[in-house]
Amino acid sequence: MLKRTLSALTVASMLSLAACGSSGDGSDSDDPIKIGILQAITGPAAAFGSREAAAAEAVAEAVNEAGGVNGRQIEVIVEDTKSDPTQAVRLANKLIKDDGVIAIFGSATGSEVLSFVNAAMRAEVPVVAPVATTEVTEADEEYTDWVFRSAPCGCEDAPAIFKKIQERGVKNLGIFYQDDAYGVSGTAQMEDLAAEGGVNVTEVVSAAPDASDVTAQVSKLINSGADAIWAISSPPPLVSAVLRTAAQRGFEGDVYGVEGAVQPTTIEGAEDGAELFVAPAMLNPNDSTELTRLHDLMEDHGGVTSFAELLGADGMQSIVEGLQTGADTGAELRDAMDDLTLKNGYGAKPMVYTPDNHNGFKADSFFWVTVRDGKYVPLDSVD
């Protein structure tokens, strides 16, 4: 469990206020504004959760050093879900009931987010979720009014990836997915798109997000006659295992991935299979000239390793800009974020929330990359 009050300059003032209590209860006092960061600091999703948390904390620190939000400091309370939905719902209830947070940023997987969104809705605490799982902002669900996505939605990713698959002439597609809400949802979408678009899905296999040996699954895909594989999986070790195994088995087709897998560690673990990788990306971790403001933010916070830092930075920034409207309760913050375009976001394009669409990043926020000589390069530079 981690609990962090940001900005050393504000520690003394926060301690003096502690006796009075602090919460997002509509108080007009100078108490710090409490925001929960509920993230997978450890476990299979830690490659994302730890970096998203670091970026969210970096934004809060920068805001505090600039004077806070309307004169009030931000206090972040960080809890580690260990990538476990059961832990996520327990800790969400702690943040809401015991700590009195006004908003929650997290978590790293759709399964975790879906475990606690109803509790957050009942408590009128908005959730900013850096996940792609379509159901997180499902239009028919009541909780959707309280959830704001700071990641591309799988509902837009799958069609964009399928379009690229068609453009590159794939006729027979094998699907590998991580066995959780994100993987199941994305696989269903891709199967529907393939059926409508005339692409034959030869085989569908899965593995747990923390699996290390996928020999049987990848062999099954290759033996099915697939001329390309879509790996709907974010953890770099799992994607690396798919790429490495495919290369070892002599597979020469593309292995398509998702934005979250575009990390240096994916290349390192994939070994000879790295150059099979084709994926959409929101930034190139090998190019620090992109998104210089994000790189500057993260300079003293572990740097930029993937788009996780962008999701964390813009996710926290959306909460900050909602609070800057004068919102003083969770309900007021939700209303402020319901129609919000980020003024000071960290991406190439701003996140935009509207009353009928809480998916901040759209499909036009990414470009395509592959791997050459151990680095990510734009796909159109090698085609």
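Values in this text are rule-based calculations from the coordinates and carry no lab data. Since this is a predicted model, take the numbers as computed values, not measurements. Ideal geometry is used to build each Cβ from the backbone, glycine not excepted, and the neighbour counts take in all protein chains shown.
Can you list the lysines whose alpha carbon sits under 29 Å from that of Lys97, skipping same-chain ones fewer than 8 residues off?
Lys3, Lys34, Lys82
Gln248 versus Thr292, label points 7 Å from Cα toward the beta carbon: distance in nm?
So the two model labels end up 4.4 nm from each other.
Between Gln73 and residues 5 or more places away or on another chain, which pairs have amide H atoms under 5 Å apart, with H built 1.01 Å from N, and which residues are they?
The list, which skips near neighbours in sequence, is Ile33.
Taking the number of other C-beta atoms within 10 Å as the exposure measure, put Thr215, Thr325, Thr289 in order starting with the fewest.
If I rank by nearby Cβ atoms, fewest first, I get Thr289, Thr215, Thr325.
Any idea what the relative contact order of the range 293-383 is, in percent, if you count C-alpha pairs under 8 Å spaced at least 6 apart? Show your work: numbers first, answer last.
Values: 86 pairs, mean separation 16.1, N = 91.
Over the range 293-383, the number comes to 18 percent.
How much space per residue, in cubic angstrom, does the convex hull of the C-alpha atoms of the range 198-332 take up?
Convex hull of Cα atoms, per residue: 167 Å³.
Using a 10 Å cut-off around each Cβ, can you sort Thr266, Thr329 from fewest to most neighbouring Cβ atoms?
Thr329, Thr266
Report the gain in length on full extension from Asp300 to Ala331: 0.36 nm times residue separation, minus Cα-Cα distance, nm rounded to one decimal.
Answer, rounded to one decimal: 7.8 nm.
What area, in nm² and to one decimal, does the C-alpha convex hull of the chain cast on average over all directions? Before the final figure, lay out the partial values.
On the way: hull surface 69.3 nm².
Directional mean of the projected Cα hull area for the chain stands at 17.3 nm².
With 26 Å as the limit, write out which pairs from Lys94/Lys343; Lys349/Lys375; Lys163/Lys375; Lys164/Lys349 have Cα-Cα distances beyond it, or answer none.
Going by Cα-Cα distance, Lys94/Lys343 fall outside the 26 Å limit.
Are there any helices in the chain, counted as whole DSSP H runs, that stretch 27 Å or more along their axis by Cα and score at least -1.0 on average by Kyte-Doolittle, and if so which?
46-65
Express the Stokes-Einstein translational diffusion coefficient of the range 340-383 in µm² s⁻¹, to the nearest whole number, given a Kirkwood radius over alpha-carbon pairs, 20 °C and a viscosity of 1.002 mPa s.
Values: Rh = 12.6 Å.
Value of D from the Cα-based Kirkwood radius: 170 µm²/s.
Run the simple label-point estimate for Val377 and Thr86 please: 7 Å along Cα→C-beta, distance reported in nm.
Label-label distance for Val377 and Thr86, simple model: 4.8 nm.
Using the 2.2 N^0.38 Å rule of thumb for compact globular proteins, work out how the range 93-214 stacks up: its C-alpha Rg over that value, please.
1.24
Explain nothing, just compute: Karplus ³J(HN,Hα) = 6.51 cos²θ - 1.76 cosθ + 1.60, θ = phi - 60°, for every residue of the range 296-302 in order, whole Hz, x for Gly and Pro.
Taking θ as phi minus 60°, the curve returns 5, 4, 8, 4, 9, 10, x Hz for the range 296-302.
For a quick size check, give me the Cα extents of the range 36-101 along its three principal axes, largest first, whole Å.
Projected onto the principal axes, the Cα atoms of the range 36-101 cover 37, 28, 9 Å.
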